[in-house]
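First the structure, in the form of structure tokens, and then the observations on it.
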Amino acid sequence: QAPRRAGLGRARSNLPARRPVVSWHMTGICAGRVVAITGAGRGLGRAHALAFAAAGAKVVVNDVGASLHGDGGDLSPAAEVVAEIVAQGGEAVVNGDDCSDWDGAGRLVAQAIEAFGGLDTLVCNAGIVRDRMLVNMSVDEWDAVMKVHLRGTFCPVRHAIDYWRGQHKAGTPRVARIVTTSSGAGLFGSVSQANYSAAKAGIATFTIVAAAELGRYGILANTIAPSARSRMTEEAFAEMMRAPTDGSFDRMDPANVSPLVVWLGSDACDITGRAFEIAGGELNVCDGWQHGIPIDKGDRYTPEELGAVVAELIGRAPAPAPVYGAG
Ligand code: NAD
């Protein structure tokens with residue numbers, strides 16, 4: 001990773017002094033870092049790619065260009081994001097691999113190294129939905145969502161840490177950062193999204209384990225639970241997602257989520273293993289499952305006595321956050 005440059009020094013020469021050309025690309029919080037973002041052709045991933053580029057990063061824009069349900073493929077959204085970054089003087093390349101495919105995820109990491117000389121930050125953002133009440137959910141709807149979210153997080157992370165461990169062992173460590181994308185559905189549950197909620201809960205837990213295991217290599221890993229307007233939300237939550245027409249703060253603009261992701265993906269981030277909720281300007285840290293205060297009998301319980309013990313435990317425990325869409 002190139003050292004962060006505070007500005008360009010004036011070259012010593014006999015030429016008349018010129019004002020140095022300093023753009024935000026050179027001075028941003030991610031100047032010189034190489035960032036790969038999955039699902040960056042649209043929605044949140046697109047906003048993250050633009051924000052990382054504006055913060056000085058070189059960006060690998062991954063996207064298969066799938067439909068909301070994961071079908072089909074179209075490289076043009078990713079290519080448009082790259083064109084937008086390049087037009088603004090940034091550096092970016094398209095990667096059209098399926099991030100949930102083992103070899104595809106390997107090519108994504110390899111492309112960052114080939115195109116930009118390394119990888120510093122991996123943002124796992126790609127996602128699909130196949131919403132259905134459990135009574136009607138098919139096994140294909142279950143598998144498709146699990147594949148994109150869970151394999152689509154594990155595969156690129158696994159390839160990235162292979163590279164980062166190699167760099168660490170070679171004595172050329174990268175300041176490596178992983179940002180995964182969970183969801184309020186994963187942290188609290190969401191009716192008609194049992195598949196998506198389970199996958200997103202898996203991503204949250206995967207991330208805390210990654211943080212615990214990878215800290216020794218200097219790799220920090222955090223997850224986010226965003227809320228923003230995208231094709232994933234603008235119909236299902238039309239009222240909540242609508243952009244204001246009176247010029248007030250557009251709370252659900254996906255670009256509001258990106259500064260957090262840029263910070264988590266920068267070498268300024270010194271936090272690992274945490275989940276952050278973000279919606280507009282509202283940022284929060286979420287605590288996961290907590291141990292309650294146990295009742296220890298010091299012996300094996302009988303089934304008959306457990307009703308009273310459980311009632312006491314439930315009575316003293318805080319009420320759980322409601323499942324989205326329940327009741
Ligand atoms: P989106 O549909 O606009 O973007 C998702 C992108 O991922 C698409 O461009 C799609 O082509 C791409 N993609 C899908 N499968 C892929 C694969 N296998 N490989 C590479 N790319 C793939 O949706 P979004 O709202 O921007 O969602 C981004 C992430 O944020 C998702 O993980 C989503 O679950 C999560 N999320 C979004 C919200 C929200 O409010 N929008 C809330 C919680 C979580």
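Using Cα pairs under 8 angstrom and six or more residues apart, how large is the relative contact order of the chain, in percent?
With pairs under 8 Å counted, the relative contact order is 15 percent.
According to a simple spin-label model (label point 7 Å from Cα along Cα-to-Cβ), what is the distance in nm between ALA268 and ASP143?
4.5
Can you give me the angle between helix 43-54 and the longest principal axis of the chain, using Cα atoms only, in degrees from 0 to 90, rounded to the nearest 10?
Helix 43-54 sits roughly 40 degrees off the main axis of the chain.
Please compute, over every Cα-Cα pair in the stretch 202-251, the percentage with a separation greater than 12 angstrom.
Values: 868 of 1225 pairs.
Percentage above 12 Å: 71.
What is the sum of charges, Lys and Arg at +1 and Asp and Glu at -1, for the other residues whose Cβ falls under 13 Å from the Cβ of GLY152?
Every neighbour counted, the sum reads -1.
Multiply the residue gap between ARG231 and ASP250 by 0.36 nm, knock off their C-alpha separation, and tell me the result in nm, one decimal place.
Result: 5.2 nm gained on full extension.
If the chain between ILE113 and MET133 were fully stretched, how many nm would it gain, using 0.36 nm times the residue separation less the Cα-Cα distance?
2.9 nm is the gain from fully extending ILE113 to MET133.
How much space per residue, in cubic angstrom, does the convex hull of the C-alpha atoms of the stretch 178-327 take up? Each step should come with its number before you reach the end.
On the way: hull volume 25.7 nm³, N = 150.
Dividing the Cα hull volume of the stretch 178-327 by its residue count gives 171 Å³.
Extending each Cα 7 Å along its Cβ direction at LYS169 and LEU68, get the distance between those two points in nm, one decimal.
That separation, rounded to one decimal, is 4.6 nm.
Report relative contact order for the stretch 52-180 in percent, whole number only (criteria: Cα-Cα under 8 Å, sequence separation at least 6).
Over the stretch 52-180, the number comes to 25 percent.
Shape verdict for the stretch 231-301, please, from the Cα gyration tensor: rounded (a/c under 1.5), prolate (a/b greater than b/c) or oblate. Walk me through the numbers before you get to the answer.
Numbers: a/c = 3.81, a/b = 1.86, b/c = 2.04.
Cα axes put the stretch 231-301 in the oblate bin.
Given the stretch 62-122, report the % of alpha carbon pairs whose separation exceeds 19 Å.
34
Test of understanding: in a Gaussian network model of the chain with alpha carbons linked when under 10 Å, which of SER76, SER197, SER182 would top the mean-square fluctuation ranking?
Most flexible of the set in this elastic network: SER76.
Please report the antiparallel percentage of the DSSP beta bridges confined to the chain, to the nearest 5.
Among the beta bridges of the chain, antiparallel pairing accounts for roughly 15 percent.
Tell me the net charge near GLU80. Cut-off is 14 Å between Cβ atoms, GLU80 excluded, with +1 for each Lys or Arg and -1 for each Asp or Glu.
So the surrounding residues net to -1.
Rounded to the nearest Å, what's the spacing between the alpha carbon centres of the stretch 144-160 and the stretch 77-140? Just the number, please.
The stretch 144-160 and the stretch 77-140 have Cα centres spaced 11 Å from each other.
Quick check: the angle from helix 306-316's long axis to the longest principal axis of the chain, C-alpha only, nearest 10 degrees?
The angle comes out at about 50 degrees.
Under a Cβ-only charge scheme (Lys and Arg +1, Asp and Glu -1), can you give me the dipole magnitude of the chain about the Cα centre, in debye to the nearest 20?
Details: 30 positive and 34 negative charges, 332 e Å.
Taking the Cα centre of the chain as origin, the dipole is about 1600 debye.
Could you calculate the contour length gain from ALA243 to THR27, that is, 0.36 nm times the residue separation minus the distance between their Cα atoms, to one decimal place in nm?
My answer for the length gained is 74.6 nm.
Where does the chain land on the Kirkwood hydrodynamic radius, alpha-carbon pairs, in angstrom?
Numbers: mean 1/r = 0.0470 Å⁻¹.
After inverting the pairwise mean of 1/r, the radius is 21.3 Å.
The numbers here are math on the coordinates, done by the rules we state, and not lab data. Note that this is a predicted model, so its numbers are computed, not measured. Cβ coordinates were reconstructed from backbone atoms using ideal geometry, including for glycine residues, and neighbour counts include every protein chain displayed.
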